[in-house]
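Notes for the one structure printed next.
The values are calculated or read from the model by the stated rules, or taken from the named source; none is laboratory data. If you're wondering where the values come from, they're calculated on a predicted model, not measured in any experiment. Cβ atoms come from the backbone with ideal geometry, glycine included; neighbour counts cover every protein chain shown.
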């Protein structure tokens, strides 16, 4: 059940109606929990069991920690949570990947091994709710929060449907306190929430799917026939597509949550206005990057054990962050490339520091464009059908190719115009946020723009593409 579907609008209307009824707060939370299970079951009811397992295990494990004497037993409880959650994630998401690579490894030594195809179906959103549930157990283990007193609240935290399948990844310390008192959106919150839902669907349906996706598909489905211009147009297009697609989902999730009275964290902050790659990861998929920082990079030692160890820790974090996105070497390459970007940036800063020249506006704009272009190079590995095609396209982007896939002037102009709009808007808003920007626009103009978006969506409903991050 996707936000950009009629069935979701009907579903949400029913949930919203019940949530506004004069019922007890416990009854309303129960309504939201049941709705969340229904929302997830729309894809495959069987896999709701996996959410129940994660919820039950982490609730029981975290609940026993305060009364457990000795660090060893507490570590065993934490290990139980990690084994169950990461075990399920590894089996369903990486089982086939590990098996295929094990067979290739044996073949390298001329050892023939045949295994029956596991035929594993990837449960939608498993990476998101697994990381969310684990974070609760880790925070209790570290003593940063106490085990929550209500199982209903905790189950709702794990499964809250607006952000269940594609984030943002919410922390227990952010969500659970919101369950203490009745949440009912004010008229202003309702207006802003429904506006965000409209903007998010418009980003997905019109900007990502209608304008950009056909060009991107055309380029990446014929990678061997693509020349210099086609490779860059397809990649610039994908940089816009994935932003509008993923940020569109997060915007919808935040808007739906707001309509129900809940606040969800921002997941994007105009990332294509980043100056450097550390800045990029402070702005792109913020809930994942902070999760990896707090629960992987810092436990590995962070930057506390010398420059060399810091670089190794960063590379490991980014490689695993890439693997989190998908069971493929191209995602590992994507994460590794970002790790190398950050390491190189650290080295440059160490030797040259913050030069006064970098404070000048023209230089900052050039550094922003350089960051964006290198991010686009990494996107090639993210989007390509296989890692061989990715290396081929990167080579074509820098040295050209013999062939040149025919793209129409309309397709080229469309991608360039959307890219220019994206970069300009991000740069203008890099030190602000959407709410502040909207507050500076006359109310009547905001109404006209929202009406135009709704009218466009009605006339051109799109082709019902799934959100890109549903596969993760």
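Among the residues of region 168-192, write down those that are part of a helix (DSSP H, G or I) and without any contact (Cβ under 8 Å) to a residue 24 or more places away in the chain.
So the first thing to find is which residues in region 168-192 are part of a helix (DSSP H, G or I), and the list is 172-179, 187-192.
Result: 177, 187, 188, 191.
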Selected residue [out of contact with any strand residue (DSSP E or B) (no Cβ under 8 Å at 6 or more places or on another chain), in a helix (DSSP H, G or I), at pLDDT below 95 and surrounded by fewer than 24 Cβ atoms within 10 Å (Cβ to Cβ)] from 242, 206: 206
From the options 301, 308, residue that is at pLDDT below 95 and part of a helix (DSSP H, G or I): 308
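Residue-wise test of (1) in a helix (DSSP H, G or I); (2) within 28 Å of the chain's Cα centre (by Cα); (3) farther than 19 Å from residue 214 by Cα; (4) not assigned by TED's automatic domain parsing to the domain that holds residue 342.
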{"position": "364", "(1), (2), (3), (4)": "yes, yes, yes, no"}
{"position": "369", "(1), (2), (3), (4)": "yes, yes, yes, no"}
{"position": "372", "(1), (2), (3), (4)": "yes, yes, yes, no"}
{"position": "385", "(1), (2), (3), (4)": "no, yes, no, no"}
{"position": "398", "(1), (2), (3), (4)": "yes, no, yes, no"}
{"position": "418", "(1), (2), (3), (4)": "yes, yes, no, no"}
{"position": "447", "(1), (2), (3), (4)": "yes, no, yes, no"}
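Please go through region 290-315 and give me each residue that is surrounded by 18 or more Cβ atoms within 10 Å (Cβ to Cβ) and either more than 22 Å from residue 123 (Cα to Cα) or touching a strand residue (DSSP E or B) at 6+ places or on another chain (Cβ under 8 Å) (or both), ordered by number.
Passing the criteria: 297, 310, 311, 313, 314.
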Residue among 99, 88 that is in contact with a helix residue (DSSP H, G or I) (Cβ under 7 Å, 6 or more places away or on another chain) and either touching a residue at least 24 places away in the same chain (Cβ under 8 Å) or part of a helix (DSSP H, G or I) (or both): 88
All positions within region 390-413 that are surrounded by fewer than 18 Cβ atoms within 10 Å (Cβ to Cβ), touching a residue at least 60 places away in the same chain (Cβ under 8 Å) and over 21 Å from residue 374 (Cβ atoms): 402, 403, 404, 412
For residue 250: the one exception among (1) touching a residue at least 60 places away in the same chain (Cβ under 8 Å); (2) buried (at least 23 other Cβ atoms within 10 Å of the Cβ); (3) touching a helix residue (DSSP H, G or I) at 6+ places or on another chain (Cβ under 6 Å): (3)
Matching residues in region 369-406 - criterion: being modelled with pLDDT of 85 or more, farther than 24 Å from residue 319 by Cα and touching a helix residue (DSSP H, G or I) at 6+ places or on another chain (Cβ under 7 Å): 396
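Quick one: which of 192, 148 is within 27 Å of residue 451 (Cα to Cα) and crowded, with 19+ Cβ neighbours inside 10 Å?
Values: 148 fails: within 27 Å of residue 451 (Cα to Cα).
Checking each option against the conditions leaves just 192.
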Conditions (1) at pLDDT below 95; (2) farther than 23 Å from residue 332 by Cβ: number failed by residue 97: (2)
Residue in region 215-225 that is nearest to residue 245 (Cα to Cα), counting only those that are touching a residue at least 40 places away in the same chain (Cβ under 8 Å) and part of a helix (DSSP H, G or I): 216
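Only one of 79, 50 is part of a helix (DSSP H, G or I), out of contact with any strand residue (DSSP E or B) (no Cβ under 9 Å at 6 or more places or on another chain) and surrounded by fewer than 14 Cβ atoms within 10 Å (Cβ to Cβ). Can you tell me which?
Exactly one residue qualifies, and that residue is 79.
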Selection status of residue 105, surrounded by 11 or more Cβ atoms within 10 Å (Cβ to Cβ) and over 30 Å from residue 45 (Cβ atoms): yes
